[in-house]
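Single-structure report; data block below.
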Amino acid sequence: MAKIKLTKNELKKQKDSLKMFRRYLPTLMLKKQQLQAEIRTTELKMRDREDERDRLTGAFQSWIAVFGETGVFTPGILKITSVKTAAGNIAGVAIPLFEGAEFAVEAYDLTRTPLWLDAAVDRMKQVLLLDLEIETLAEQRRRLDHELRVTTQRVNLFEKIKIPETRGNIKKIQVYLGDQQTSAVVRGKIAKRGLARAAQGVAVSKGAMP
């Protein structure tokens with residue numbers, strides 16, 4: 001802890017600091033609660049999208065297996081060409097918002113491929129869109145987690161260090177200034193009594209003169 005000056009100016013400075021800490025602490029605590037709530041909401045969205053993706057993937061795989069045709073739906077038949085996101089803001093944190101994606105479908109001969117391939121491509125697009133949305137939500141959570149850590153550190157700094165430290169400084173300065181004032185009063189009284197005795201002595205001396 002830095003050494004403080006035991007002066008009235010320093011006392012005012014410490015009181016101003018304490019006032020500022022007390023004013024900002026409730027705001028920080030509210031932000032912390034908002035971030036915690038938003039993180040829970042984001043986690044629920046992620047679980048919801050993951051469940052939907054797993055359901056679609058399971059149904060998709062079972063559906064293709066029924067037809068028993070291999071080599072028709074290859075991984076390269078569908079490619080993501082671009083991902084659309086927008087800038088959002090949650091509790092003062094800049095986050096990406098998923099808005100969709102564009103795909104490129106490899107050309108295939110409609111006369112040589114089964115009828116179900118078009119539907120399979122559409123199903124796969126749905127799965128990929130969910131994957132991309134989950135990735136965006138994961139990035140949202142990462143940023144919110146980071147902001148929550150920073151905000152929690154600030155709350156702890158104000159609540160557990162700065163406010164108690166400033167209170168201690170104020171008390172220390174007040175005690176010192178109080179002692180100084182008491183000493184000044186005592187010195188004043190002593191000086192006053194000394195002057196009174198000196199005046200008395202002068203008066204006695206004058207009365208003793210012939």
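Every number here is computed from the coordinates shown, using simple stated rules; none is lab data. Bear in mind the structure is a predicted one, so any value in this text is a computation, not a measurement.
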Notebook entry, point to check: aspartates and glutamates within cross-link reach of residue 12: Cα-Cα under 19 Å, excluding same-chain residues under 8 positions apart?
Noted result: 165, 179
Checklist line | Pairs beyond 26 Å (Cα-Cα), from 3/32; 31/171; 3/160 | finding: 3/32; 31/171
Next item on the list: Starting from the Cα of residue 162, draw a straight line to each of the aspartates and glutamates and keep only those under 16 Å, dropping any in the same chain fewer than 8 residues away.
Entry: 10, 16
Item checked: Interchain or long-range residues, amide H under 5 Å from residue 78's placed H -> 106
Item checked: Reach of residue 84 by Cα under 13 Å, taken over aspartates and glutamates that are not fewer than 8 positions away in the same chain -> 99, 102, 133, 135
Next item on the list: Enumerate the calculated ³J(HN,Hα) couplings along the range 147-152 in order (Karplus 6.51 cos²θ - 1.76 cosθ + 1.60, θ = phi - 60°), each rounded to whole Hz, writing x wherever the residue is Gly or Pro.
Entry: 5, 5, 4, 5, 5, 4
